[in-house]
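Novice: Quick one: the structure is below, and I'll ask about it shortly.
Each reported figure results from applying straightforward, stated rules to the coordinates on display, with no laboratory input. Predicted, not measured: the structure shown is a model, and the values here were computed from it. Every residue, glycine among them, receives a Cβ derived from its backbone with ideal geometry; neighbour counts consider all protein chains shown.
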Amino acid sequence: GAGVSQSPSNKVTEKGKDVELRCDPISGHTALYWYRQSLGQGLEFLIYFQGNSAPDKSGLPSDRFSAERTGGSVSTLTIQRTQQEDSAVYLCASSFLGPGGEQFFGPGTRLTVL
Amino acid sequence: QKEVEQNSGPLSVPEGAIASLNCTYSDRGSQSFFWYRQYSGKSPELIMFIYSNGDKEDGRFTAQLNKASQYVSLLIRDSQPSDSATYLCAVKGGSQGNLIFGKGTKLSVKP
């Protein structure tokens, strides 16, 4: 596809359940980033992949959050035992180069934890 | 703690005026600077990037960078109501891989 795609676009879950969010970057982009944005807040960095490795996981808020990337392409962000404070829009971005390259964002996944 | 600061606004300008959006950053080693536009309920859209001191122009947009003052700005000439959005400043620091985003400035262009 022409842009970054994310699925699902919306996810409503119950507290304590696990969720998986998917990101499909722009073809050929080597770097992939996950951010989250709470209502009315700025972008919070979560994790960054260069290829399949994650040199920077510093933004993951707790050990309930994990992410992987396979084949240098699709990435999955997993949140275990979701909490209400996890409710946010989760945004994925990709860039052709590594750090410093222009990042292009997907449409996001809106996660609501009841 | 590396920070990027923006005035939250709202910044209100009349249609046709110049809108000036400002951003300061704390990491003197920062290398790359980006401006994103985010419409309500949408994801950020890259509109400008600048790496060197000085001005960079693209259509109605001009990005200005002053590394000595740790200051980057975005000028929007001939502002249109469709420019009404939140503008996010993002900075890549000298050592880390991720961009650090400011909280954004909300711009309102009145017809």
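Novice: In whole angstrom, how far apart do the alpha carbon centroids of segment B:46-74 and segment A:1-51 sit?
Specialist: 28
Novice: So, one more: Tell me, what ³J(HN,Hα) does each residue in segment A:62-77 have, in order and in whole Hz, if you take phi through Karplus 6.51 cos²θ - 1.76 cosθ + 1.60 with θ = phi - 60° and put x for Gly and Pro?
Specialist: Those phi angles translate into 7, 6, 6, 9, 8, 8, 9, 9, 10, x, x, 10, 5, 10, 10, 9 Hz.
Novice: Sequence gap at least 6, Cα distance under 8 Å: using those rules, report the relative contact order of segment B:47-111 to the nearest whole percent.
Specialist: With pairs under 8 Å counted, the relative contact order is 23 percent.
Novice: Would you mind counting up the charge near A:GLU20? Only other residues with Cβ under 12 Å from its Cβ, with Lys and Arg at +1 and Asp and Glu at -1.
Specialist: +1
Novice: For Cα pairs less than 8 Å apart in space and 6+ apart in sequence, what is the mean separation divided by the residue count of segment A:49-114, i.e. the relative contact order in percent?
Specialist: 25
Novice: Same structure again: For chain B, what's the relative contact order in percent, using C-alpha pairs closer than 8 Å and at least 6 residues apart?
Specialist: RCO, chain B: 38 percent.
Novice: Counting only other chains, what is the mean number of Cβ atoms within 10 angstrom of the Cβ of each residue in peptide A:32-42?
Specialist: 3
Novice: Just want the answer: with Cβ charges of +1 for Lys and Arg and -1 for Asp and Glu, which residue in A:GLN83, A:THR70, A:PHE45 is farthest toward the dipole's positive end in chain A?
Specialist: Farthest along the dipole direction, towards plus: A:GLN83.
Novice: Label points 7 Å out from Cα along the Cβ direction at B:SER26 and B:ASN7: separation in nm?
Specialist: 2.2
Novice: How much of the DSSP bridge set in the protein assembly as shown is antiparallel, in percent, rounded to the nearest 5?
Specialist: The antiparallel proportion sits near 90 percent.
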